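*Asks:* This is the structure I have questions about; it appears just below.
The values are calculated or read from the model by the stated rules, or taken from the named source; none is laboratory data. These numbers come from a predicted model, not from an experiment. Every residue, glycine as well, gets a Cβ built from its backbone with ideal geometry; the counts of neighbours run over all protein chains shown. Note: areas computed on protein heavy atoms with side chains; ligands, DNA, RNA excluded. Shrake-Rupley method; radii C 1.70, N 1.55, O 1.52, S 1.80 Å.
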Amino acid sequence: MKCNVCGMDYGLSHNCSGIAPLMTAEEAAPPPTGFSPGYYLGLAFNIARWDHIAIRRASRDSNAIYYAAFFWIAAATIVLIATALSRTLAASRVSRLSGPAMVITVVIGMSFGLALMALLTFIQLGLCHLMAKWFFGGSGSYMGVMRPLLLGWFVNCLILIPVAGTLAAAIAWTAVLMMVFEEVDGIGRLQAFGISAGINFCFLVLQFMMTPVTRHL
């Protein structure tokens, strides 16, 4: 566990100094003003590299949520196009749709898929945050964990790698979840890993259950 006062990691007990750790100049620096996509893109890549300072800066930056939402939509759309577009087109051909009807069907199907991915993402992150607060005394806020996690969600694009993509994406996303909940909710690394790996595994199983299976006769 991590002490909410001094920030020290400990097991059963520790001697708290009663003094909060001082922030470095880099961490305490104010976020940029105005339109700054390059800054937040760099922040997103640093979060994916498990940069503690980037995670904490993003968690406290109220503007980060807007860029995070845009980056999430872009990454989720890429994943959805690569994994579901072919099935949507195949279903349209089976239904003998063509021209504008096929385009409308594809757009509706992809929009529904994106909305479902957003719902599952928010539920997943919400469950992790609630478990951190209820069982391990997490001290962060829901928005505090959402900002860095949505910025770092693009690691799920690793699922596009042939053969090992699903495993690589699961490992990378679990690591990002663990680091964010450790830094923002202030729980121990072992607890953060347990929550992240457990919830991620459950949602991975759910994803496979929701994916249609094609049988060749």
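*Asks:* Give the ranking of S139, S36 by solvent-accessible surface, highest area first, calculated with a 1.4 Å probe.
*Replies:* Descending order: S139, S36.
*Asks:* A further question on this structure: Among 126-136, 54-64, 109-119, how do they line up by average Cβ neighbours within 10 Å per residue, starting with the highest?
*Replies:* 54-64, 126-136, 109-119
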